[in-house]
1. Rounded to the nearest 10 Å², what accessible area does LEU59 have for a 1.4 Å probe in the complete protein model?
2. Go through segment 262-314 and name the GluC sites (Glu not before Pro) that are in a DSSP coil and have 16 or fewer other Cβ atoms within 10 Å of their Cβ.
3. Leaving ligands, DNA and RNA out of it, report the carbon-plus-sulfur percent of the accessible area of segment 222-311 at a 1.4 Å probe.
4. What are the extents of the Cα atoms of segment 116-203 along their three principal axes, in Å, largest first?
5. For segment 155-278, what is the largest minus smallest coordinate of the Cα atoms on each principal axis, given in angstrom and ordered from greatest to least?
6. Which net charge results for the neighbourhood of LEU286, defined as the other residues with beta-carbon distances under 9 angstrom from its beta-carbon, given Lys and Arg at +1 and Asp and Glu at -1?
7. Using a simple charge model, +1 on the beta-carbon of Lys and Arg, -1 on the beta-carbon of Asp and Glu, nothing else, what dipole does segment 71-111 show about its Cα centre, in debye to the nearest 20?
8. Might you work out the accessible area of LYS253 for me, using a 1.4 Å probe with all protein chains in place, and round it to the nearest 10 Å²?
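The values are calculated or read from the model by the stated rules, or taken from the named source; none is laboratory data. Since this is a predicted model, take the numbers as computed values, not measurements. Here the Cβ is made from the backbone with ideal geometry for all residues, glycine too, and neighbour counts use every protein chain on show. Heads up: the accessible areas ignore ligands, DNA and RNA and are worked out on the full protein's heavy atoms, side chains in. Shrake-Rupley method; radii C 1.70, N 1.55, O 1.52, S 1.80 Å.
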Amino acid sequence: MTWPETQRADAAKKIKNRKKMDSSNLTTLLEDETPEQQTQRPVSAFASKPDRPPTQNSLQKYSPLVWSGYFDREDDISIPETDNVFHVYIAGTEGPVVFCLHGGGYSGLSFALAASKIKEKARVVAMDLRGHGKSVTENDVDLSIETMCNDVLAVMKAMYGDSPPATVLVGHSMGGSVAVHVAAKRLLPNLAGLVVVDVVEGTAMASLIHMQKILSSRMQHFSSVEKAIEWSVKGGSLRNVDSARVSVPSTLKYDDAKKCYTYRACLEETEQYWRGWYEGLSDKYLSCPVPKLLMLAGTDRLDRALTIGQMQGKFQMVLVRHTGHAIQEDVPEEFSNLILNFISRNRIGPHGIEIPGLRRPSQSLP
């Protein structure tokens with residue numbers, strides 16, 4: 001038999017043997033094995049690449065994380081002569097107060113990962129706004145800008161009285177508009193700084209006509225908290241899995257009738273207040289007589305008033321790249337550094353005193 005004939009015979013024999021194999025004898029696919037099976041299976045000396053490590057299942061990857069790993073304590077602030085009780089998360093014991101206001105549909109835990117670093121140099125208070133998180137009010141859907149401003153002022157007065165420490169207001173999205181309006185009222189003693197995160201009047205006003213469609217297009221019901229966390233990450237609203245594991249559970253409530261989790265905040269019912277959040281925001285921001293930082297996730301979001309103000313040096317602007325709308329959640333370490341540098345640059349301390357240990361940018365002598 002010639003060499004080619006020998007090759008053909010061997011090939012035919014292999015095909016015949018392959019057909020005789022029963023499906024029950026086929027090697028189990030890696031994807032179908034349990035982690036224990038993957039660990040116990042011997043490694044072939046002739047393998048071209050190492051075995052794939054056991055994969056982490058969805059329940060583990062998206063399981064909730066406890067807030068106490070980031071904040072030091074939580075508290076309920078009762079407002080006198082009302083039935084309103086606002087929930088706050090607190091971290092740190094020294095330095096100025098970084099008072100954080102979250103965006104619509106988020107909660108105070110939106111700042112959890114950032115708080116764990118900021119608290120090394122300053123105090124952090126993150127408040128659940130009305131209709132959000134664990135706060136309970138007489139009217140959870142009254143998200144008018146005036147009402148939310150009064151809520152913030154009432155909480156700060158209940159916590160610190162008439163002489164609060166030096167305070168930096170930090171607001172994200174809707175919370176950014178609240179922070180600006182509170183600062184513009186000039187009713188907060190010792191307000192030392194204002195930080196607005198990814199909200200600009202022009203862009204916000206233009207997007208309002210799409211808001212109902214955006215809200216209705218979200219997944220509305222979740223069979224578990226883990227599924228909600230997974231959806232927030234895979235859907236793109238949050239890019240940091242650990243932050244989502246801390247913050248997303250506080251944005252949900254359990255619906256006994258439907259036997260599933262739904263959103264805590266009823267944003268669809270607050271449309272009448274949306275324009276009030278953002279109308280005239282740029283001029284109010286520029287009028288605030290304190291150091292200001294505008295943190296943006298994109299380069300195309302400055303409107304005309306802010307562009308002129310920025311050119312005139314009326315505020316500091318930072319573009320945070322490779323992040324989504326929730327900058328404080330997606331890149332908490334970078335966010336924390338920006339906040340601490342802002343405090344250092346402007347010498348903001350508990351009572352106007354520079355904070356020990358914070359490096360201040362060198363300044364040239366006059």
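1. About 110 Å², ignoring ligands and nucleic acids.
2. Values: sites: GLU268, GLU269, GLU271, GLU279; in loops: GLU279.
Counting only loop positions with at most 16 other Cβ atoms within 10 Å, the GluC sites (Glu not before Pro) in segment 262-314 are GLU279.
3. Working: 2100 of 4420 Å².
Ligands and nucleic acids excluded, carbon and sulfur give 48 percent.
4. For segment 116-203, the Cα extents along the three principal axes come out at 35, 32, 28 Å.
5. Cα extents, longest axis first: 46, 33, 29 Å.
6. Values: positive: LYS284, LYS292, LYS314; negative: ASP283.
Net local charge, LEU286 excluded: +2.
7. On the way: 1 positive and 7 negative charges, 40 e Å.
Using only the charged Cβ atoms, the result is roughly 200 debye.
8. 90
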